[in-house]
Structure formats: C-alpha cells, structure tokens
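Read the structure below first, then the notes.
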Amino acid sequence: MATAGWQRRMAWVLGAVAVVGPLAAPNDYWIGVMARICLYATLALGLNIVVGFAGLLDLGYVAFFGIGSYLYAFLASTHFGLHLPFLLAVPIVVVLTAFSGILIGAPTLRLRGDYLAIVTLGFGEITYLLLINLDRPVNITGGPSGIIGIDPPAVAGFALSRNTQYYYLFLAALALTLLASGRLRRSRIGWAWQAIREDELAARAMGINTTVAKLQAFAIGASFAGIGGSFLASWQRSVFPENFLFTESINILAMVILGGMGNLLGVVMGATLLVSLPEVFRDLQRYRLLVFGLMLMVLMVFRPEGLLTLQGRHDEEAEPGA
Amino acid sequence: MAGVLAILPQQIVFGLALGTVYGLVALGYTMVYGVLFMINFAHGEIFMIGAYVGWWVLALLLKAQVGALHPAWVVPLMLLHAMLFAGLLGVGLERFAYRPLYLRGATRLGPLISAIGASIFLQNAVMLSQGARMKVYMTSLLFPRTWRIQIAGASVSLLVIVMIVVAGLMMWGLHLLVQRTKLGRSIRAVAEDREMATIMGVNVRRVIAVTFFLGSALGGAGGVLVGLYYTQIDFFMGYSAGLKAFTAAVLGGIGNIRGAMLGGLILGLVESLAVTFMNPAYKDVVAFVILIVVLVFRPMGLLGENVAEREKV
Amino acid sequence: QQAVKIAAGVPLTGPLAKQGQEVANAVKLAAEEWNKKGGVLGRKIEVLEADDQGNPQVGVAAAEKVAADAAVLGAVWGITSVTCIPVSEVLERSNLVLISPGCTNPKVTDRGLKNTNRVCARDDAQGPAGTIFAVEDLKAKKIAVFDDGTTGPKGVADEVEKKAKQLGVQALRYVIRAGDKDFRAILATVPKDVNLIYASLWAPDAALIAKQLPDVGLNVRMIGPDGQFEPVDYIQASGGAAEGNYVSFLVPDLKKIPAATAFVKAFEARYGPVSSYGPLAYEAANIILEAIKKVGKADRAAVRDAVRATKSYKGILGMPIAFDDKGDVAGGVIYFYQVKGSGFEQVKAITVK
Amino acid sequence: MLKLTDVVAHYGPIQVLKSVNLEVRAGEIVCLLGGNASGKSTTMKTILGVVRPTAGRVEFEDQRIDRLPTETIVRRGISLVPEARRIFARMTVWENLAMGAFTRQKAPAGELAADVERVYALFPRLAERQHQLGGTLSGGEQQMLAIGRALMARPRLLLMDEPSMGLAPVLVDQVFDIIQSINRLGTTILVVEQNAAVALSIASRGYVLQNGRIVVHDAARALLAADHIRRAYLGED
Amino acid sequence: MALLETEGLTKDFGGLRAVHDLALRVEEGEIVGLIGPNGSGKTTVFNLITGLYRATEGRIRFDHGRRELVGLAPHVVTGLGIARTFQNQRLFSHMTVLENVLVGMHCRTRAGIATILLSTPGSRRERRRAEARAAELLGLFGDRLLPRAARPAWTLSYANRRRLEIVRALATEPRLLLLDEPAAGMNPTETRELMRDIERVRDRGVTILLIEHDMGVVRVICERVVALDHGTKIAEGRFEEVRQNPAVLEAYLGRRAGRA
Ligand SMILES: Nc1ncnc2c1ncn2[C@@H]1O[C@H](COP(=O)(O)OP(=O)(O)OP(=O)(O)O)[C@@H](O)[C@H]1O
Ligand SMILES: Nc1ncnc2c1ncn2[C@@H]1O[C@H](COP(=O)(O)OP(=O)(O)OP(=O)(O)O)[C@@H](O)[C@H]1O
Ligand SMILES: [Mg+2]
Ligand SMILES: [Mg+2]
C-alpha cells in the first residue's frame, strides 16, 4: 500500500527528529514537554491495544496508570522505606500491573461496547477513591496527600536528574512499546483481537478463545501503563490521587482516537498533539482550555477517522468485474 | 441500629430525590445514545447551561420586580426557557460538532472525542462569561421552607414532589413518543441502520436533530430543577452530574428510556443507603460495585433488552 | 528594558478556578500598584499566569515553563498542596522562590526546601486551634467532622480529630465527595446529640451543609477553616443559614486595618468580592517584590534567600510577617470569626505553640 | 419512467459503474443480469441516491433525480428490496412493515392496516410472527419481510435486488407470482435476479451488466434464447 | 458411530420450538444436504452444533461418539474440528481478505505473547507458514479472492464475501464443514463453479453438511439429504427419494419442483 510506505518513511523521519530533538529544544521546559509526549505515547499505545486493537472501550485506563505509579512508589520511596533499584522495581511493577489488568478485565468479559465502558470507568473511579481513602485504618496509599520522596531512576549509581536524561529514558521505552505493539498487531494474537473488535461472535465461531484474548489485551495494555506509571512516579518524585482522575483516562483515549485508532504512528501523533497543544496554548492563560476544547472539535471534524486511518480506505483499485 | 431504622424512611426520600435528578439527566443521555450510539459527553454541560438559563430568568424577574413570584408560573417559565435554549444548543452542537463526523461515516468513537472537546469548550465558555464563582438560586423566594408534607415518617418538601412529578411526566411522554409514534419509530430505525432508514424515506438528519433537541431540552429542564433544589450552580456542575447520569443510563440499559429513570432512582437510593450503613467515604465505591455486579449478571442493564441472547446468527 | 516577572501559579480552569483566579487577580493588583510607583529594579513588573488546573502534572509543566523564563524572579503558587509539592521541587532546581497562599499541608514546608514559603496556616495549626476554640469556647462535647477527601480539607480534619482525642472530646468523621450537591443523606446519619460540626470544606459545600441541616432536623453551629472566609460563597450562598457559624483565619480583622481596607476596595472594584485568598496572595506578591527590591538585582538565589529572611514585614495583614526556617509564618496566631449578618466579626485569637 | 444515461459511480477512487445506460418504461418488468461484482447492486443504490453518480444522469418520470437526497427520491415513489435483506433487527415484524409505509404520511390508518393484512396474506408466516423481532427471524422469513416492507410503500417503481435469495423453492415460485401480480396492478419493476431463467420468463426486457457496463440489452425472450447468455448466466453448457 | 450424530436435539425460543427431537447423522467423507422450508430450523441446527446456542434438550456427538458437544463453547467446538459459514455473512469487515483467513488459523497456531514479542525464529516460521497457507486457501476460488487479498473485506461483492467465508472456515482445518446457503447470490454458472469447489474440499477429506435452497446444488453434490419441517425431520435419503416424498413436495418444493 502506498500510504503504508509513506507512513513508514514518516516514522523514520520522526524517529530521527526525536533523537536529536533535545539539541534543538530552546530550554528544559520543552525537553520536559517532549519527555511527557513520550510518556503519554507509551500510555496511549497501551490503551490502543485494548481500544484500538481489541475494540474494548476502556474509560478507566487511568486505573492502571495509577496502580503502576503507586506500586513504584511503594517499592522505591521513603513511604515504606523500600528502595528497590529502578531496574528491579520497574519489571515488578509491570508484571503486577499486568496482573491488575487481568483482575479488572475479568468481570467485564461478557460486556459489550458501552457497558464495558461504564464498568471500566467504574474501576477507574474505584481505584481513585481507594487511593484517597486507604490511608486509614493503616496508611497504605498516603491518602489525598499522596506519597512523596520517591527515588529517581538510577542505573549503576548514576541517578537521573535532568529532563534530557528522562527524555531519552522515556524515548527508549516508547521505542520498545512501539516495537511490541507492531509485533503484536501482526501476529495471531493481534488478528484475534481485531476479529473480536469486528465481530465477537464470529470470532468465537472461528475458534478464538475470546476470554483469553481479551484478558491478554487487558494485561498487555495495563503493562504499558505500568511502565508509564513507574516513569511518572520516578520523574515527579511524588504521586497523588489527583494524578489519576477520570479526565486523564479521557485524555489518553482522545490521543488514541484522534491519532487514528489502531494506527501506531497515529497514536504517537495523537499523544504529541494532545500533550503539546495545551502547552502551546499556555500563554492564553484563562482561555487555554476553551481553545483546547474548540481545537479538539475542529480536529475531529476535519479528520473524523483520526489523523492517520487504519486501513487506507481510499487506496483500493477496483475489483475487476466478472 | 434502631437509630438507623428510624431515619430509613427519610433516607429513602432523600435517595429518591437525588435519583430523580440523576434520572432526568440520564434521559437525555439515553435519547442521544439511542440514535447515534454515541455517549454525548457534552450532555452534562448542556444540563449545566440549562441551570444557568433558569438562573437568569429568575434573576431578571427579580430585577424587574414583577410583584409576587409564584412558583406556579415562575417555574414553568424557567423550565421553558432553559429547555428551549438547551435544546437549540444541542441542535447546534449536533450540527457543527457531530454531524460532519457521522455523515462521513466515522467510527463511533470520533464523535465521542468531539463531544469531549465540546464539553471542555462549553465549560470554559461559561466560566469565562459567567465567572468562576458559583451562582445562587433564590429558591427560598419561590418555595417557602414550610411547604413540606409528612409521609411515613419522612418529611418531603414540595419541591421534591414537583421534581418527581416533572421527571415522571417527561419520562412517560418520551417513552410514549419513542415506542408509539412514527417519529419514535423513525428514531429507532435511524439508530439501527441509517442507510436503510433513508431508503424508507426517513430524513435522517432531521430525525437526529430532533432527537438532540429533545434530549438536550430534557437536560436543560434537569438543570433548572437541580438549581432550584440545591440552590447552587457553577460551571463545573455538569461534570459529576453527567458522570452519574451516564452511569444511571447504563445501569438501566442504555437507550432505554424507562431504564434511564430506573437507573437514576437506584443510583440515588444506593448512594443514600450506602452513607446510612457504611463509611460514607466509600459511597461511590459502593455505587460502582453495585453497577458492576448488576452488569455482570445482566450485561445489558436492568431494562435493556438482552440482544446477546436474542441475537439471530 | 525587559520587565521583571512574577508568576501566579494557580488553577485558572477547572473546579478550583474561582479560588485560583482570585489569587492571580490579587497578584496582578499588587504588580500594578508597584508599577504605579515605578516598578522594581527600575523595570516594569509583569504577572505571568500559569494554569496548574490543581493537577500535579499540569503544575509541573507550568512550573518548568515558569522556571525557563529568566525574567521570572518569584512565584505566588498554589491552592492545593498536591501541586505545591512537585512544583516547589521544580522551582527549587532553578532557585526560584515561591510563596503559597493556600497550600496548607505540613509536608509543603516540612521537606525543608529553601525556596518554599507560605503565608497561610498549616493544617496542623488551624485544625488544633479550631478544636481548642470549639471545646473551650463553644463547649463542644461531640463534634462531627466533615471533609471532602482532598488534601487540604482532609488534612485539617485529621488534625481536628487528633486534637479532639487529646482534649477528650468525641469526634465523628464524615466524608463527602467534592462535586456532590446533596448531603442530606449523610447529614441524616449524624447523631442528634452532636453539638458542633467542624466542616473542613470549601465555602460552597459548607453553605450547602448549613442550608441542608434543617432538612434533617439538626440544629447545630458549624465551624470551618479559612476556606470559608467567603462573604459571598459562604454567607450569602447559605441564604442566612450560616448565621452564627464560625470561621478560623490566619489574619486579624481586615476591616480594622486601613491598608487592608484600601486593598479590599481596590480589589472589589475590579474583580468582585474578596475571600481569604486575595489578601494572602496580595501579601505574598508584595513580600516577593519587596525582597527583589532589597536584593537590588535580578538574582533568583538572592531573592530566594531574601524572601526567607523576611522579618517583620508589615503589609495589609496587620501583623508583622516573618518566615521561620522552614518557610512558615512565624508566630502562628489563629483568629476566629463569627458570621454576623453579611460579614464576619472577629471573636477570638488563639496562639498555637 | 426511469432512465439512466451514462451513469458512472465510484467507491472512493474505485470506478464501479463505468457507463450504465438503462431504461425502464412504465408498466414493465425489467431484469438486470450480471456476474458477481459486476455492479448490479451498485446500480440499484445509484438509482436511489445512496451511491452518488459521479457522472451521467438518472431521471425518474422525466425529472432528474440524481442530485436529490435519498429520502426525496423515495418519496417520489421508488422503493427497494435491498440485497441481504437489511431488516430492522430490533423492531418487530409489524414495525418493520410500518416503516415500509413511512412515506405515506397522509394515508388513513385503515388503509395501512389493510395493506399490512395484504402482506400477511401473501406471507402467512409473517402474520404468525408479527410480534417477533425482525432480527430473530430465519433468513427466508427476513427476505419475506424485506419484500413485504417494500410493498408497504405502494411504490410506482419497485427495485428488487435478488428477491428470491434464501427462499425455499415453493416461495421462489410464489415470489415471482407476486411480482407479476403487482406488476399487473400497475407497479413497474426492475429486478436483479440470479435465478435468471425464471426472472427472464416473467420480464419483458433484460439488460446484462458486465464490469460496470451494460453490454447487452434485448427483449427477455431473445436473451433467454441467446446462447452466450445461457452459458454465462443460466448455467447451461 | 458416525462423525456427527445428534439425538433428541431440541431447541425452544420462548414458546417457539425451532428444532424438535432431531436425530441427524453425518458420516465421515459425506456431503449431506439439510433442506426444508423457511424457518424450519436448519440454521438453528448449525447454531446448536457449533455451540452458539445451547440445546434445550438432546445430545450432539462428534468424532464417532467420542465427544459430546452440548455445553461446549464455540471456540472449543471449532478447535475440535467443526467450522461453519453464516447465512447472514459475518466477516471481519475492516480486516483485509488475507487477515480474515489468518484469523481462521488462530486455533491451529501456537505462538504466545512472549515468543511474538521476542519474534523468535519459531514464531516467525509459524507466521510465514500461516500466510503461505492462507494464500493457498484463497487460491481455491481461482482469481476471485487472491488478487483482492489485501483489500478490506467489506469492499467485496456479496458473492465474493460468501466465498471468503468458506475459505475462512477452511482455515480452521475442520473435519466437518457446515455451509449455510453457500450458493445464495450466485448465478447458475457461478453456482456450478462453487459446486466443483465444494467437491474439491470434500476430496481433501473434509466432511460437509450443507443447507441450500438451490435444488440444483443439492441434487448434484449431496449424497444424502435430510428434510426438516417445523424443526422435525420429515424425510431422509438420496435426493431423488426425498424429492418424491409428498410431505417434502407439499411443504418445500412446490409445484415446479420437477424443474430442479
Ligand atoms: N462499499 C463499497 N466500497 C468499495 N467497493 C465496493 C463497495 N461495495 C461494492 N464494491 C465493489 O463494487 C463492485 C460491484 O459491487 P456490487 O455489489 O454492485 O456487485 P453485484 O453485481 O451486486 O455483485 P453480487 O452478485 O455479488 O451481489 C465490486 O467490485 C465490489 O467489490
Ligand atoms: N433467536 C431466536 N429467537 C426467536 N426465534 C428464533 C430465533 N432464532 C430462530 N428463531 C425462529 O426459529 C425458526 C427456525 O429458524 P432457522 O433460522 O433455524 O430457520 P431456517 O431453517 O434456517 O430458515 P431459512 O431457510 O429461512 O434460513 C424460525 O421460525 C425463526 O423465526
Ligand atoms: Mg449484489
Ligand atoms: Mg437459515
């Protein structure tokens, strides 16, 4: 397909830009924004597995983000006095978050479409409420005032401190998740997800164990959030329930859809836009969100299928008649 | 425990009143969902704007000093304006933010995002034009505190009764409209298969616009009643009300009109009973757990038809 | 020549926009007044509004932007501690001073950052003081303590509960959900022999509770922290139901201080009613500008240290302000007001150790 | 009555109809033949404006209709039995029929009820199932309903895209009888049918569509007799 | 015992008994036709066998009596070697033609998440093999599908979508293939081509149970025919016998039956 080739070339260009980007950034703030783009692109790729590939509308993805962040905070902060090294803590967090994906996914297996959406939304809210309230009777989460004093990522005694360093760490993780998403998409599991998205009943009749496939999607999607969560916690050096509001789920979902569901490059572009636009609009001060909302509408109106569509609808040649 | 039982009737009344509010807003969600299968995230904002319109009507009346304000005519006047304004706003949104998407055959999720954009936009537009400070409804000028009656050990204010009656009437009217009339049939036809509906001669755009008008007008009416009942409105009120109403609509079976009302009432009751018997911090946890449990056993909501079982293969 | 900038980092949008905008407005007013007198360092002063939406991450991004602007020499930051904490760490890296008018959590200053100060009361000052007042002056025996599950309110409520236990008074905890409007069900579960409600809530919620109390047959007084020092959102919104209730505040009666009356008049003429945040933010801005003036050059680290070294600064708050070594206002007197008609009247002052 | 002149239609950049010229005169039954994917269904959709022609014109009763919205075209008296039935799955059989009569705004209720009864008389199975949801009907029952629904509009021109699909042999015969009888009552019919032998036997004329072009058109009898047609479309050696 | 055997199979929908006490038998290597008037329960029988509906009563035995199918989930049934097409096509519309076939191979491939993420040689080999096999299966219908392998399935014409459904079902490597009106929407010439293809499939060792209203197809390719009416079996045997059966004539074939 012509567009696929175009997209691949564009991906290489973007990759190159990403690698040299910090050199061109005017200041630390913009490098921070770029790091945030990578962080959110990773999250969006995770949600894309659930929503874009498997077609399961998840409105509570932030729950996994929160679980990942807090798990990292438990393992590497003064809160419980545990200070696991970054390279050990992150894999543990990823595995546990994936497991939480299975736990949360399990009750939703029979649900379709928007019923699934509301249940996942419910889980998102429940997670938030638990984060707020589990500081008593015993203090687990720190309650509304969160956990502070989280360890920064350190490798071999070298602790990250500058935004540039974080940026390259996040960029590397993004590259990995992109690779993983790409491999999954064109694998038997990826096809099973897409089949479920298209027609669950036919998928079952074609021999797909939809229970397993959906749980796999939830687990992998959640594990990406586990990565993102660890990064947020170690970068912000603190976590609060306020980091994981419903609006955050919506924000990540918008990245996936605006970019073009299922299209990896599109999802990254969606994250880029939705992280950078509010920053660009910062100078508008009180009008910032007004313009952002308007922008979101306008973008969708002009690109209803998202920035990059999944299957180039318009590059088909005619089926020769019989 | 005896203490708890003594307040139970009162708690039920509080729960029903709250549930009516949720149900009213949920009706609009369900209407729009019914045709476009789209969660209209801007519905909460339409509800909020309805509340502001009602506030302005009341404020202008007070300013004009039209003598004694009697709820019998003031409330309908507020409702009328709010419904009209909210309805037109809904139609406008449909025209500019959603129609361009669904006409081009976008996936269901495209409109969801543009609805979120609309919701952010409206919220901030109201904040910027009306101020971030909340506004106070002068309800006490309309409904004296003494207007209340005793039912089974619970004291019920007249306002709650007005609310329940208005909500009931609206729900019933809508139900009849959708199930019994030709318009209702065409709404359902559009919902199922837009292209086939056109081939039947249905003007799809008009049907969708009408649906948006009705759903949004209901949201506007809900806004006024909520303003009267809670006496405070602010630009952010649509957020949590919208979330709860959406939950209620799904609980009842989304797309089902009586389901929306039922879902609202149940949600209201669950919340008020949850704070009675449990740590109130977990009130919303209880509500969502109940929602999840209900959906696990009835995947299409309480009144939603179980298409899964009746689906022909 | 380039202007000197000070940042106003607050939620300009979202549910806390009202409080945030008041802070930003007060900072702007302060800057204008300085500008009328010729600015500072011979340059004009500009206010950089930075929207943190009350969200830690958005706050961090805003702080990085502020820090990257070399013209910024100080910041008035924060309504909520969840943003203050990560933001202060960002600003610390570039030696940028911040004074918070609203972040009350003890951790904000207890982390010992050199750049972080506040002009508001700590949760663990206001809460205990309120409890002492409740028990000693109002003779409360059983207190119902409400919060909304967010940092500030919950922090104060925790302290109230702790202090009450110390004083041998029963404290029952209740949590409402921010954004809800109907609290009747939860109020109905409050035992009828409770003789005071400590409402650690924002003013609109407190007004709703005051209003809904009669619906459940409770007839008790309420007391709340400085967030309720709001003539409009609390007193007026309650439609008379708040009459006789109490509010604690870090500041003595503004009406009795001429400088403050001038501020209130100027502010209200421009931006509408003022609550507790306006005066505090105005004062914070003035302290920063005063420090810049004293330092005499655009040097962030020097300004940071000068702010911390502030001694007996006399502004509109009627008391000399000095920061202790953590950045809290030294001295810590909490003043108590009672709602009378459409305003507050000071009834008592309590010093916490 | 209906006239397509050099109609071209695309799906995106794919040209599906390359040049379709076709005429249906009032009172006729015209049969449209063609192999799979030759564009028969697309032709039907183009007449109704569901697919917009990119060139050429479509006229109905001497007025150009290719720019009109579908619902307006339908209101002028054309109705369609669509390919693959397209029943409203979550409406009952009765409601599906009522939808069929949607354009008849002013018809008295009694007349509509009589028409429903007429459909029930044609397909007694539908009468048994009048309160069943359309989606749960068997394939053939749905096909009956699709035909009944189109009849409810009392069209002047009826487009039928494979009306016998999925019907048991008994019913296939019956459907062709129905076509003939409603034609006698004054309805003009354009039918796409794989059961070409039967279709041609009741049609007056036929068109053959190949690769988006009309390649042959002739009297039905002549087509039935033509060798290459028999081989290509009637399955004879 | 036969490859597939049902016993007392019954299915109720509310008050409606769609299938009633049905005994059906399909021997290994046969092509069996299931005929009957509209609404007689044929498709329902398919749904019962494949586990999409659960039988109200009765048993379904597969693999010469070795497996009981009632109560099994659809994917398990498919895994055991039963595949089907749908009367109302259910393709994965937004996936390409090739991907549709690859989905069918899901239950015959093994790669797990870890091997896929690591892209092990084994998983790569498996994938290449699957793609090659999918292409081969698409070639079953000559050049009707193969040249369109990269197009989204929804752009196919009606009859080609039917063909793709058959290929997708074959991709699951079934021992028993259930075809629901495969010839619908094809003209007689195309139908003949289809019949040859079905026979080719059978010759590869796949047993076929087929629902069809086109008596031309049933007559030519079905060794045995079962006729249903109102959910009960009214006749069984060779087509020529069954078509003589007065009940079948009356309920199903009608007066022009002789022309089939
Ligand atoms: N929505 C669509 N988008 C793109 N291409 C399409 C679409 N619908 C049909 N086509 C293509 O247009 C061509 C004609 O299709 P059409 O459905 O009109 O054929 P047909 O003659 O009705 O065939 P059949 O006998 O199989 O029903 C085919 O090549 C088909 O693949
Ligand atoms: N889910 C369902 N709910 C209610 N009734 C159903 C359901 N599925 C099928 N039926 C009814 O059961 C009967 C048998 O349906 P089935 O689809 O098996 O018929 P069929 O023999 O395949 O007919 P056709 O040849 O028309 O496809 C029909 O009358 C149908 O209306
Ligand atoms: Mg066709
Ligand atoms: Mg069938």
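All of the numbers you see were taken from the coordinates with simple rules; none came from a lab. In this text the structure is predicted, and so the values were computed from the model without any measurement. No Cβ is skipped: glycine too gets one built from the backbone with ideal geometry, and neighbour counts run over all protein chains shown.
Taking a spot 7 Å from the Cα of residue C:347 along the direction of its beta carbon, which residues of the stretch C:234-261 have an amide N less than 12 Å from it?
Under 12 Å, as judged by backbone N against the label point of residue C:347, lie C:243-248 of the stretch C:234-261.
Fewest first, what order do B:240, C:81 take by the number of other Cβ atoms within 10 Å?
B:240, C:81
Over the stretch D:84-153, what is the relative contact order in percent, taking alpha-carbon pairs closer than 8 angstrom and at least six residues apart?
About 56 percent, as a whole number.
Once phi is turned into θ = phi - 60°, what whole-Hz ³J(HN,Hα) does the Karplus curve with 6.51, -1.76 and 1.60 give for every residue of the stretch E:101-114, x standing for Gly and Pro?
5, 4, 4, x, 7, 3, 6, 10, 10, 10, 3, x, 4, 4
Treat the count of other C-beta atoms within 10 Å as a stand-in for reagent exposure and order C:163, D:3 from fewest to most.
D:3, C:163
Which of the residue pairs C:18/C:142; C:37/C:265; C:142/C:255; B:283/C:107 have a Cα-Cα distance greater than 22 Å in the structure shown?
Long pairs (Cα-Cα over 22 Å): C:18/C:142; C:142/C:255; B:283/C:107.
Among C:139/C:192; C:28/C:297; C:28/C:348; C:114/C:297; B:135/C:154, which pairs are too far apart, with a Cα-Cα distance over 24 Å?
C:28/C:348; B:135/C:154
Under 28 Å Cα-Cα from residue E:233, which lysines qualify once same-chain neighbours fewer than 8 residues away are excluded?
List returned: B:312, E:11, E:42.
Given the -39500 (n - 2.57) contribution per DSSP H run of 4+ residues, what per-residue ellipticity at 222 nm results for chain E, rounded to the nearest 500 deg cm²/dmol?
Calculated from helices alone, the mean residue ellipticity at 222 nm is -10000 deg cm²/dmol.
Can you list the lysines whose alpha carbon sits under 26 Å from that of residue D:40, skipping same-chain ones fewer than 8 residues off?
Result set, ordered by chain and number: D:3, D:18.
In what order do C:202, E:154, B:73 fall by count of nearby beta-carbon atoms within 10 Å, going from fewest to most?
B:73, E:154, C:202
Ignoring everything except DSSP H segments at least 4 long, calculate the 222 nm mean residue ellipticity for chain C; use -39,500 (n - 2.57) per segment, divide by total residues, nearest 500.
-12000 deg cm²/dmol
Can you tell me which aspartates and glutamates have their Cα less than 15 Å from the Cα of residue C:44? Leave out same-chain residues fewer than eight positions away.
Cα-Cα hits under 15 Å: C:32, C:33, C:290.
Evaluate E = 1/(1 + (r/R0)^6) for residue E:219 and residue A:139, where r is the Cβ-Cβ distance and R0 equals 60 Å; express this FRET efficiency to the nearest 0.05.
Efficiency for this residue pair is about 0.15.
So if I restrict to the alpha-carbon atoms in the stretch D:84-153, what is the Rg, and what is Dmax, the biggest pairwise distance, in Å?
Computed over the Cα atoms of the stretch D:84-153, radius of gyration and Dmax are 11.0, 33 Å.
List residues of the stretch A:109-144, by number, whose backbone nitrogen lies under 15 Å from a label position 7 Å along Cα→C-beta of residue C:166.
none
Return the average number of partner chain Cβ atoms within 10 angstrom of each residue Cβ along peptide D:128-135.
The mean count of partner-chain Cβ atoms within 10 Å per residue comes to 3.
Would you give the gap between the C-alpha center of the stretch B:36-112 and the C-alpha center of the stretch B:207-263, rounded to a whole Å?
11 Å
Given a Förster distance of 45 Å, report the FRET efficiency between residue E:68 and residue A:277 from their Cβ-Cβ distance, rounded to the nearest 0.05.
Computed FRET efficiency for residue E:68 and residue A:277: 0.15.
Put a dot 7 Å past each Cα toward the Cβ at residue A:8 and residue A:24; how far apart are the dots in nm?
About 2.4 nm, to one decimal.
Roughly what % of DSSP beta bridges within the protein assembly as shown run antiparallel, to the nearest 5?
50 percent
Could you check what % of the DSSP bridge pairs in chain D are antiparallel, to the nearest 5?
55 percent
How shielded is A:232-239 by partner chains, expressed as the average number of their Cβ atoms within 10 Å of its Cβ atoms?
Mean number of neighbouring Cβ atoms from other chains: 4.
Looking at the protein assembly as shown, which Cys residues are left with no other cysteine's beta carbon under 4.7 Å from theirs?
Within the protein assembly as shown, the cysteines lacking a partner Cβ under 4.7 Å are A:38, C:120, D:31, E:107, E:222.
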